[in-house]
Amino acid sequence: MGSRSTPGQGGASRRAFLKSTLALGGAGLAAAAGARPAAAEGDPRITEIQDWNRYLGPGVDAAPYGVPSAFEKDVVRRAVPWLTADATSSVNFTPLHALDGIITPSGLCFERHHGGVAEIPPQDHRLMINGLVDEPMVFTMEDLYRFPRENRVYFLECAANSGMEWRGAQLNGCQYTHGMIHCVMYTGTPLRNLLNEAGLKSSGKWLLAEGADASAMTRSIPIEKALDDCLVAWKMNGEALRPEQGYPVRLVVPGWEGNMWVKWLRRLEVGDAPWEQREETSKYTDLLADGKARKFTFEMEVKSVITAPSPQAPVAHGKGRTVVTGLAWSGNGRIRRVDVSLDGGRNWHAARIDPQSFPKAVHRFYYDFDWDGSELLLQSRAMDEKGFVQPTKDALRKARGANSIYHNNAIQTWYLKTDGALENVEVS
């Protein structure tokens, strides 16, 4: 039987946790004490005039570009200062614990940079296609806008998401363990439209995408993927890309690791073999237990996480009706099923998947139950439409060892305490 490790405190056995949860039923149980809202009679917030009823508020021009409420000031991206030596080659994290639905607000999408944010005037930007093509071409942004466009909802996940958890529970927050992901609607033109414009030679088997930032990020992409569902995108969530997301134009490589989604896209070179760049050899490869490294592991495998309750989103209401919610996604397509466990994987309950879902996008799931105030071990487990099931940490380590940084899609565990606080623990 697996065990849990709780940093900084002595651990009770997993059996004790399981024993305390076996009597807990699933959704639809009778409401426990404290589950219903309080009666309204006598509540001064109802019976008395409040300041927001008494005084006029700001007018329509007070914020020409809308901003969140001041009461939501803590819902922001956050970095881990000790994680990297310099912020220009670093990452910050999406506050997954504070969000709902499947679309990530543009201002909260995590950032990953290798040379800082490139500030490029759109009128000065150029995109070149060269190599094994009939006619090398250079496109301005105005040229790109004239191509047929499409709107697509996709998740983007950094291959290093959850990477610090390979050797055990590390960071205490969903934002930090899983926050290198976002899901938005992209607007752009299929990459194949540009490649067809230049004319692909039959010897062209790979594509090199290059960014215009100071790091000159470059990645090799198989031509089959380039001609399938890749986009050259200039908008996200209906507005122009944010500078940190690649303004004025980026590559979208659905379902594949985020490092391939080259931002500030400036060049596409067609070749007959992969280029073996730094970001696909010494980086973004999977070091196995025998010392060999797997490369070109492009797809992001089936994965899920409970976003609330979680360490940054404790249970504040006490016993009674409780909503578990989270995200599931897969580079293979749609999510078919998500199960939730309250006892560390001993028993599983089918979660409800919100019907707003798309292939290679995040799926929002919910599980409702009545909490009796006992300690729980919360987990989620996803299955995609190709039948792949999210593995336990032990199963993943058995297959790949513990040397990796990338592609950790193991089941995450949150330990819910009797006071409603939660902690990142490991149930193997």
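Descriptive notes on the structure:
- Residues of the stretch 68-79 satisfying the condition of being more than 19 Å from Asn259 (Cβ to Cβ) and either polar (S, T, N, Q) or surrounded by 10 or more Cβ atoms within 10 Å (Cβ to Cβ) (or both): Pro68, Ser69, Glu72, Val75, Val76, Arg78
- Tyr415 in contact with a Ser or Thr (Cβ under 8 Å, 6 or more places away or on another chain), of a type outside the set (A, V, I, L, M, F, W, C), assigned to a strand (DSSP E or B) and crowded, with 16+ Cβ neighbours inside 10 Å: yes
- On inspection, Ser220 fails the criterion of being free of Cβ contacts under 8 Å to residues at least 40 places away in the same chain, over 20 Å from Phe139 (Cα atoms) and either of a type in the set (Gly, Ala, Ser) or surrounded by fewer than 19 Cβ atoms within 10 Å (Cβ to Cβ) (or both).
- The set of residues in the stretch 315-331 being over 15 Å from the mean Cα position of the chain (by Cα), part of a loop (DSSP other than H, G, I, E, B) and either surrounded by 17 or more Cβ atoms within 10 Å (Cβ to Cβ) or β-branched (Val, Ile, Thr) (or both) consists of Val315, Lys319.
- Filter result (part of a loop (DSSP other than H, G, I, E, B) and open to solvent by 50 Å² or more (accessible area, probe 1.4 Å)) within the stretch 85-118: Ala85, Asp86, Asp100, Ile103, Pro105, Val117
- For the stretch 288-312, taking the residues that are part of a strand (DSSP E or B) and closer than 26 Å to Asn172 by Cβ, the one that is most open to solvent (accessible area, probe 1.4 Å) is identified as Ala308.
Residues are listed down the side, and each one gets a yes or a no for (1) modelled with pLDDT of 95 or more; (2) open to solvent by less than 30 Å² (accessible area, probe 1.4 Å); (3) of a type outside the set (Val, Ile, Thr); (4) in contact with a helix residue (DSSP H, G or I) (Cβ under 7 Å, 6 or more places away or on another chain):
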{"residue": "Lys225", "(1), (2), (3), (4)": "yes, yes, yes, no"}
{"residue": "Asp228", "(1), (2), (3), (4)": "yes, no, yes, no"}
{"residue": "Trp234", "(1), (2), (3), (4)": "yes, yes, yes, yes"}
{"residue": "Leu241", "(1), (2), (3), (4)": "yes, yes, yes, no"}
{"residue": "Gly246", "(1), (2), (3), (4)": "yes, yes, yes, no"}
{"residue": "Leu251", "(1), (2), (3), (4)": "yes, yes, yes, no"}
{"residue": "Pro254", "(1), (2), (3), (4)": "yes, yes, yes, no"}
{"residue": "Glu257", "(1), (2), (3), (4)": "yes, yes, yes, no"}
{"residue": "Trp264", "(1), (2), (3), (4)": "yes, yes, yes, no"}
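- Taking first residues from the stretch 322-346 that are within 16 Å of Lys303 (Cβ to Cβ) and partners that are of a type in the set (D, E, K, R) and open to solvent by 10 Å² or more (accessible area, probe 1.4 Å), the Cβ contacts under 6 Å between residues at least 6 apart in sequence or on separate chains come to Gly331/Glu299; Asn332/Lys386; Gly333/Glu385; Arg334/Glu385; Arg336/Glu385; Asp339/Arg381.
- Within the option set Asn196, Asn130, being open to solvent by 30 Å² or more (accessible area, probe 1.4 Å), farther than 28 Å from Asp74 by Cβ, in a strand (DSSP E or B) and of a type in the set (S, T, N, Q) holds for one residue only, Asn130.
- Condition met for Tyr176 (under 23 Å from the mean Cα position of the chain (by Cα), open to solvent by 40 Å² or more (accessible area, probe 1.4 Å) and modelled with pLDDT of 95 or more): yes
- Boolean, Arg334 is of a type outside the set (Gly, Ala, Ser) and surrounded by fewer than 22 Cβ atoms within 10 Å (Cβ to Cβ): yes
The values are calculated or read from the model by the stated rules, or taken from the named source; none is laboratory data. These numbers were taken from a predicted model, which means no experiment stands behind them. Every residue, glycine among them, receives a Cβ derived from its backbone with ideal geometry; neighbour counts consider all protein chains shown. These area figures cover heavy atoms from the full protein model, side chains too; ligands, DNA and RNA do not enter into them. Shrake-Rupley method; radii C 1.70, N 1.55, O 1.52, S 1.80 Å.
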